[in-house]
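J.: Pasting in a structure now, in structure tokens, and then I'll have a few things to ask.
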Amino acid sequence: MRYHTIIPPPDLRSLIRFYWILEGDEPYTHRSLACGSVEMVFHYAGVFDELNKQNIAAATAVTGLQGPSHQYRRYSIDTGFGIFGVYMYPFAIPVLFNMPASTLSNEMPDLPSLLGASGRQLQEMVMLAENNQQRLSVLNTFFRQHLRELPAADQPIASCIIALQQQPHLSPVSEWASHAFLSQRQFERRFKSLAGFTPKLFSRISRFQHATRHYNKDFLSLTALAQQCGYYDQSHFIHDFREFSGFHPREFFKGNAEGTVWRD
């Protein structure tokens with residue numbers, strides 16, 4: 001399996017964290033974990049089926065936009081595959097598509113349904129591209145055409161979202177609100193519009209994501225890892241990890257969990 005990332009050009013880094021490419025030559029089952037970011041995906045070779053809790057497969061679209069999610073999802077494919085993805089901050093949804101991020105929380109619409117004619121055109125251009133360099137060029141052009149300035153009033157909240165994703169912490173919402181010069185209620189409403197979730201839930205997801213980044217690193221005890229990632233104790237850590245991934249953290253960090261091959 002081949003996985004690599006591409007840093008976006010400087011003018012798009014305020015919205016796009018990175019582009020990624022995942023390719024495989026064999027059947028594969030993938031697990032998408034809870035995530036506070038947004039992903040636009042293009043299946044340029046093969047199409048995955050989504051598996052429900054009963055392991056029954058349902059067809060998925062060749063392109064889609066995965067909104068912020070507090071749920072894990074499972075996908076499988078019986079052949080080789082190729083996926084081009086765009087990993088974005090959640091406030092990319094209101095900036096690029098003029099809708100609240102919360103509209104797409106736990107949703108993954110296909111691009112033509114979400115964006116109409118422009119979504120169909122983008123899907124066609126990416127799918128018909130000869131290689132990933134062309135796909136990258138098509139997407140850079142698309143994002144530049146749709147890029148808008150984030151309103152000044154929302155910039156402190158966007159900064160808070162970025163900070164939480166980089167290094168989760170347990171500061172009270174009232175402290176975040178004061179930095180944004182908003183009441184707590186105003187802050188929570190604007191935060192949900194930009195991030196897709198309430199500050200409390202987004203914080204929990206960010207702590208979980210921070211923990212998953214320790215995969216392939218020297219294994220810490222669960223207690224030490226929980227403390228390092230900002231959890232009150234090990235039991236809270238295990239509870240959140242199971243909720244957001246479906247795995248016990250020990251199973252995940254030992255490399256025995258489903259869909260972790262690309263991390264190796």
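J.: Check ALA153 against each of (1) touching a residue at least 40 places away in the same chain (Cβ under 8 Å); (2) on the phi < 0 side of the Ramachandran plot and name the one condition it does not meet.
T.: Every listed condition holds for ALA153 apart from (1).
J.: What do you reckon, is ALA34 buried (at least 20 other Cβ atoms within 10 Å of the Cβ), over 22 Å from VAL261 (Cβ atoms), of a type in the set (Gly, Ala, Ser) and modelled with pLDDT of 95 or more?
T.: no
J.: Right, another one. Please specify each residue of region 174-196 satisfying the condition of being assigned to a loop (DSSP other than H, G, I, E, B), closer than 21 Å to LEU15 by Cα and modelled with pLDDT of 90 or more.
T.: Of everything in region 174-196, just one residue is assigned to a loop (DSSP other than H, G, I, E, B), closer than 21 Å to LEU15 by Cα and modelled with pLDDT of 90 or more, namely GLY196.
J.: Given the conditions (1) buried (at least 18 other Cβ atoms within 10 Å of the Cβ); (2) over 27 Å from GLU188 (Cβ atoms); (3) at pLDDT 95 or above, report the number of the one that ALA101 does not fulfil.
T.: Status for ALA101: all satisfied but (2).
J.: Let me ask something else about it. Only residues in region 1-28 that are in a strand (DSSP E or B) count as the first member; pair them with residues that are among the acidic types (Asp, Glu) and at pLDDT 95 or above, Cβ under 6 angstrom, at least 6 apart or cross-chain, and list the lot.
T.: Close Cβ pairs satisfying both conditions: ARG2/GLU23.
J.: Is there a residue in region 141-156 that is more than 24 Å from PHE97 (Cα to Cα) and polar (S, T, N, Q)?
T.: Checked region 141-156: no residue is more than 24 Å from PHE97 (Cα to Cα) and polar (S, T, N, Q).
J.: Of the residues VAL138, VAL86, VAL95, only one is part of a strand (DSSP E or B), among the β-branched types (Val, Ile, Thr) and either surrounded by 15 or more Cβ atoms within 10 Å (Cβ to Cβ) or modelled with pLDDT of 95 or more (or both); which?
T.: Exactly one of VAL138, VAL86, VAL95 is part of a strand (DSSP E or B), among the β-branched types (Val, Ile, Thr) and either surrounded by 15 or more Cβ atoms within 10 Å (Cβ to Cβ) or modelled with pLDDT of 95 or more (or both), namely VAL86.
J.: Is there any pair linking a residue in region 35-49 that is without any contact (Cβ under 8 Å) to a residue 60 or more places away in the chain and under 23 Å from THR212 (Cβ atoms) to one that is assigned to a loop (DSSP other than H, G, I, E, B) and among the small types (Gly, Ala, Ser), with Cβ under 9 Å and at least six apart or on different chains, and which?
T.: GLU39/GLY67
J.: Taking GLU130, is it free of Cβ contacts under 8 Å to residues at least 12 places away in the same chain, of a type in the set (D, E, K, R), in a loop (DSSP other than H, G, I, E, B) and surrounded by fewer than 19 Cβ atoms within 10 Å (Cβ to Cβ)?
T.: Criteria met by GLU130.
J.: Go through region 197-240 and give me each residue that's assigned to a helix (DSSP H, G or I), β-branched (Val, Ile, Thr) and free of Cβ contacts under 8 Å to residues at least 40 places away in the same chain.
T.: Once the filter is applied, which keeps residues that are assigned to a helix (DSSP H, G or I), β-branched (Val, Ile, Thr) and free of Cβ contacts under 8 Å to residues at least 40 places away in the same chain, region 197-240 yields THR223, ILE238.
The values are calculated or read from the model by the stated rules, or taken from the named source; none is laboratory data. Every value quoted in this text rests on a predicted model; they were computed, and no experiment measured them. Backbone-built Cβ (ideal geometry, glycine too); neighbour counts: all protein chains shown.
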